[in-house]
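Everything below concerns the one structure shown next.
What follows draws every value from the coordinates through simple rules; no lab data is involved. The structure displayed is predicted, hence computed values, not measured ones. Glycine also receives a Cβ, built like all others from the backbone with ideal geometry; neighbour counts cover every protein chain displayed.
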Amino acid sequence: MSCNLDHALYNKLNSTDDEKEEDAYQFAKKYSKNIPAFIKFIQESDFVVKSDYRESWDYIQKDLHSLERHTNFGLCFPDDYQD
């Protein structure tokens, strides 16, 4: 993730501890029994850097991109993932 997990997953900055806990609970509730939906979210959302590993990190580290909402976490999963 670039700036922080809350920013990447929920598009929120400076969450309180209570907000972080609630967001994490809702996220787990939504995706814990639907791994394919999670994979789709983490590979296809507007904050995903779609390139190979090295290029994605080069992009995230360039200029102020690390402060923007980006992740390359989707690279951890095969494109043809099946639950």
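Dipole check for the chain: with +1 at the C-beta of Lys and Arg, -1 at the C-beta of Asp and Glu, and the Cα centre as origin, the magnitude is about 140 Debye. Only lysine pairs 8 or more places apart, or on different chains, with alpha-carbon atoms under 19 angstrom apart are counted in the chain, and they number 9. When each full DSSP H helix of the chain is screened for a Cα extent of at least 15 Å along its own axis and an average Kyte-Doolittle hydropathy of at least 1.0, none passes. Share of Cα-Cα pairs in the chain beyond 22 Å, in percent? The share of Cα pairs beyond 22 Å in the chain comes to 28 percent. Note on Lys50 and Lys30: their simple-model spin labels are 2.0 nm apart, each label 7 Å out from Cα toward Cβ.
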